[in-house]
Every structure is written in structure tokens, then in C-alpha cells.
Amino acid sequence: MIVYLDGNYVDSAEAKVSVFDHGLLYGDGIFEGIRLYEGNVFRLMEHLERFEYSAKALMLDLPLSRQELADAICETCRRNGLRDGYIRLVVTRGIGDLGLAPWLCAKPTTFIIASTIQMYPKEHYENGLSIVTVPTRRINPAALPPTVKSLNYLNNILGKIEAKQGGALEGIMLNDQGFIAECTADNLFIVHKGVIFTPSAAQGALKGITRETIFDIAQDMQIPCREQNLTRYDVWCADECFLTGTGAEVIPAVKLDGRVIGSGKPGEITGKLLTEFRRRVKKEGVRI
Ligand code: PXG
């Protein structure tokens with residue numbers, strides 16, 4: 001495997017970062033997870049825009065322009081002979097000393113990994129996921145905005161561990177007010193009486209690229225779609241529930257904390273959205 005590292009394309013065995021890198025020491029850095037479908041990088045420019053916003057939020061000066069990052073991503077895919085895969089773009093604060101001070105880090109570290117991704121097992125797309133509500137709350141935006149895709153994922157990792165201990169592959173994280181924020185690595189949607197609802201970023205949701213794609217698909221299909229405060233009650237009484245993410249795409253959730261959601265089977269609107277999503281990923285995107 002060939003990895004892009006600070007301007008060079010190196011063998012994965014040589015793709016190493018320093019133990020003094022603040023990405024490692026403090027989680028001081030940002031990332032994107034991006035999909036490659038049939039030689040097209042899905043919504044690459046949208047991912048890079050979000051990446052730039054994450055950088056801005058952390059006052060991290062990106063060493064490469066949007067176009068330079070796009071070119072490096074495409075080149076990394078080409079050098080690995082990939083047609084389908086998962087791309088991880090990371091920029092850290094760089095090498096510094098053992099103090100927090102980001103201004104003592106001389107230059108950011110940039111790397112790009114182009115590999116494959118393990119999605120949820122196929123049967124869950126057909127039968128739906130059972131999810132749980134995890135005890136760990138999504139971090140308050142006043143502490144660290146969940147809209148920033150930072151290397152500091154411990155909040156989500158605690159949630160992920162709790163979901164697993166609860167016997168589920170994914171878990172709902174509430175915000176500190178008790179409203180649904182999102183899942184540990186996916187956004188959450190419900191469908192109620194023909195209307196699609198999802199929590200807003202203000203409730204602690206990442207502005208997911210897949211989430212935005214659902215907004216576009218819903219608009220084109222003339223299905224009303226709203227950002228709204230949601231509680232577990234809203235999921236209990238929803239007709240359908242589904243999760244979205246770069247890895248997950250669109251996946252139905254049919255049980256929450258042992259309660260059946262809707263009919264207990266993947267919903268009709270969820271199915272239509274997934275079909276349309278899978279159609280779009282093959283034609284939308286930047287050709288490598
Ligand atoms: N919320 C969170 C907290 C995420 O990390 C999403 C929502 C969905 O956003 P996108 O833009 O992907 O539609 C994510 C992203 C993994 C993995 O290994 C998953 C994500 C990110 C990084 C790794 O499963 N999900």
C-alpha cells in the first residue's frame with residue numbers, strides 16, 4: 001500500500017509519524033473519511049470544505065490548498081490501483097514538544113491513506129440494525145463543537161464501547177439536554193407520517209456528507225425533510241428510522257433499546273433513499 005505523507009508517496013511500512021506529533025500526543029488534528037466508488041471520489045469538494053472548516057475552528061493552517069488536497073487524494077487512489085475504497089485524510093498540528101502549545105509546532109503533518117472499508121454486514125441492510133441508547137452524552141458544543149471532525153474521538157469511542165456492551169453495532173448519543181445528537185459514527189434520521197426528521201448541528205450532530213446527500217435526495221423526491229429536536233420518544237413512535245454515514249451509507253434501524261421501531265422491518269422511504277443513494281454515488285463525484 002502506498003501512503004501520501006507530507007508531499008511524498010511512500011510504502012505503508014515507511015509511513016510513520018513522530019511520537020512528538022501533537023496529533024498523537026493531544027488528538028490535535030483533523031480528519032475526513034471519504035469514499036471512492038467506481039473511480040469517483042464521492043462529494044470530494046464537500047468533504048474538503050468541511051475539512052477546511054474543521055481546520056479553521058482549530059486555528060490550524062492547512063499546508064495545502066483545496067485543489068492540492070484533491071489532487072493528492074486522487075493520486076493516492078491511483079497509485080494504489082483502487083476503483084472502490086475508503087480514503088482517510090489527516091492533518092495534525094505537527095511535531096512539537098511535550099507542552100500543549102500548538103504555536104510551538106513548526107508545521108502540520110499531512111497524510112492520506114487509501115484503503116478499503118468494512119461496512120455493516122449485508123444482512124443488516126436487508127433486516128435492519130438493532131441500536132441502543134448509550135449512557136455517554138455527546139460533548140457539549142461549547143466545550144468542543146461536534147461539527148469539528150477532530151482527531152479527538154474519545155467521546156464517540158466511549159459511546160461505541162457502550163453500544164457493543166449493550167449488544168449493538170451502533171448507539172444513539174444524547175446531548176446534555178437529553179435530545180438526540182447522533183450516533184457514535186453516523187447521523188440519525190426518523191420518518192414520521194411521510195416527513196423525514198434529523199437533529200440539527202446545534203443539537204450535537206456532525207454535518208455529515210451523507211446526511212447532506214439525504215437532504216438533496218429528499219428534496220428531489222419531494223419528501224419533506226426537517227432538522228428538529230428529537231427525543232427517544234420520537235424514535236419509539238417513528239414509522240421508520242435510519243442511520244447515515246460514509247461507511248454505513250444509509251442503513252435501516254428497526255429496534256431501539258429492545259423496542260420495535262415502526263413495523264420492525266426496514267421502511268419503504270428508507271429503502272427508496274438507499275436505492276437512490278447507491279445510484280448517485282456511482283455518478284456523482286470527482287474522477288480520479
Ligand atoms: N457523526 C459522526 C460522529 C461521524 O464520525 C458521521 C456522523 C457521518 O458523517 P459522514 O460525513 O460520513 O456522512 C460520522 C462519520 C468509521 C468511521 O471508522 C466513521 C465515521 C468517521 C470516521 C470513521 O466507522 N463517520
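The values are calculated or read from the model by the stated rules, or taken from the named source; none is laboratory data. Just so we're clear, the structure is a prediction, and the values are computed from it rather than from any experiment. Quick reminder, even Gly has a Cβ in these numbers, built from the backbone with ideal geometry, and neighbours come from all protein chains shown. These area figures cover heavy atoms from the full protein model, side chains too; ligands, DNA and RNA do not enter into them. Shrake-Rupley method; radii C 1.70, N 1.55, O 1.52, S 1.80 Å.
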- Note on the structure: Picking from Thr116, Thr109, the residue that is open to solvent by 70 Å² or more (accessible area, probe 1.4 Å), of a type in the set (Val, Ile, Thr) and over 22 Å from Lys207 (Cα atoms) would be Thr116
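Just checking, how many residues over region 161-171 are assigned to a helix (DSSP H, G or I) and either small (Gly, Ala, Ser) or surrounded by 20 or more Cβ atoms within 10 Å (Cβ to Cβ) (or both)? Steps first, answer last, please.
Kept after step one, since they are assigned to a helix (DSSP H, G or I), are these residues of region 161-171: 161-165.
Next, from what is left, pick out any that are either small (Gly, Ala, Ser) or surrounded by 20 or more Cβ atoms within 10 Å (Cβ to Cβ) (or both): 163.
Within region 161-171, residues that are assigned to a helix (DSSP H, G or I) and either small (Gly, Ala, Ser) or surrounded by 20 or more Cβ atoms within 10 Å (Cβ to Cβ) (or both) number 1.
Evaluate the following for Tyr53: is it within 16 Å of the ligand (Cβ to nearest atom), open to solvent by 10 Å² or more (accessible area, probe 1.4 Å) and among the hydroxyl-bearing types (Ser, Thr, Tyr)? Walk me through it before giving the result.
Working: within 16 Å of the ligand (Cβ to nearest atom): yes; open to solvent by 10 Å² or more (accessible area, probe 1.4 Å): yes; among the hydroxyl-bearing types (Ser, Thr, Tyr): yes.
Yes, satisfied.
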- Return yes or no: is Thr184 closer than 30 Å to Cys74 by Cβ and more than 14 Å from the ligand (Cβ to nearest atom)? no
- Only listed residue being open to solvent by 20 Å² or more (accessible area, probe 1.4 Å), under 25 Å from Arg50 (Cα atoms) and either acidic (Asp, Glu) or not assigned by TED's automatic domain parsing to the domain that holds Asn152 (or both), chosen from Asp239, Asp176, Asp186: Asp176
- Quick one: which of Val148, Val132 is outside any loop (DSSP other than H, G, I, E, B), modelled with pLDDT of 95 or more and open to solvent by less than 50 Å² (accessible area, probe 1.4 Å)? Val132
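Scan region 258-275 for residues that are among the charged types (D, E, K, R), part of a helix (DSSP H, G or I) and in contact with a strand residue (DSSP E or B) (Cβ under 9 Å, 6 or more places away or on another chain) and jot them down. Before the answer, list the steps.
Filtering region 258-275 down to residues among the charged types (D, E, K, R) leaves 259, 265, 268, 272.
Then drop every residue that is not part of a helix (DSSP H, G or I), which leaves 268, 272.
Within region 258-275, just Glu268 meets the criteria.
Which of the residues spanning region 87-101 are open to solvent by 40 Å² or more (accessible area, probe 1.4 Å) and in contact (Cβ under 8 Å) with a residue 60 or more places away in the chain?
The initial filter retains those residues of region 87-101 that are open to solvent by 40 Å² or more (accessible area, probe 1.4 Å), namely 88, 95, 97-98, 100.
Matches in region 87-101: Ile95, Asp97, Leu98, Leu100.
Does Pro199 count as more than 16 Å from the ligand (Cβ to nearest atom) and in the same structural domain as Gly128 (by TED's automatic domain parsing)? Before the answer, list the steps.
Details: more than 16 Å from the ligand (Cβ to nearest atom): no; in the same structural domain as Gly128 (by TED's automatic domain parsing): yes.
Criteria not met by Pro199.
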- Task: Any chance you could count how many residues in region 228-250 are within 16 Å of the ligand (Cβ to nearest atom), out of contact with any Cys (no Cβ under 6 Å at 6 or more places or on another chain) and closer than 20 Å to Thr275 by Cβ?
- Result: 9
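I'm trying to understand the selection: among the residues of region 9-27, which are open to solvent by less than 50 Å² (accessible area, probe 1.4 Å), in a helix (DSSP H, G or I) and closer than 12 Å to Phe111 by Cα?
We begin by selecting, within region 9-27, every residue open to solvent by less than 50 Å² (accessible area, probe 1.4 Å); these are 10, 15, 18, 21-23, 27.
Imposing the further condition that a residue be in a helix (DSSP H, G or I) reduces the set to 22-23.
Correct list: Gly23 only.
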- Item | Counted residues, region 244-268 - those being open to solvent by 20 Å² or more (accessible area, probe 1.4 Å) and over 15 Å from Arg211 (Cβ atoms) | 11
- Flagged pairs (Cβ under 8 angstrom, 6 or more apart or on separate chains; first in region 206-229, part of a helix (DSSP H, G or I) and of a type in the set (Asp, Glu); second within 15 Å of the ligand (Cβ to nearest atom) and open to solvent by less than 50 Å² (accessible area, probe 1.4 Å)) are Glu212/Arg43
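Quick check on region 107-118. Is at least one of its residues assigned to a strand (DSSP E or B), in contact with a Leu (Cβ under 7 Å, 6 or more places away or on another chain) and among the small types (Gly, Ala, Ser)?
Filtering region 107-118 down to residues assigned to a strand (DSSP E or B) leaves 109-115.
Cutting the leftovers down to in contact with a Leu (Cβ under 7 Å, 6 or more places away or on another chain) gives us 110-112, 114.
Now drop any that are not among the small types (Gly, Ala, Ser), which leaves 114.
Looking through region 107-118, at least one residue is assigned to a strand (DSSP E or B), in contact with a Leu (Cβ under 7 Å, 6 or more places away or on another chain) and among the small types (Gly, Ala, Ser).
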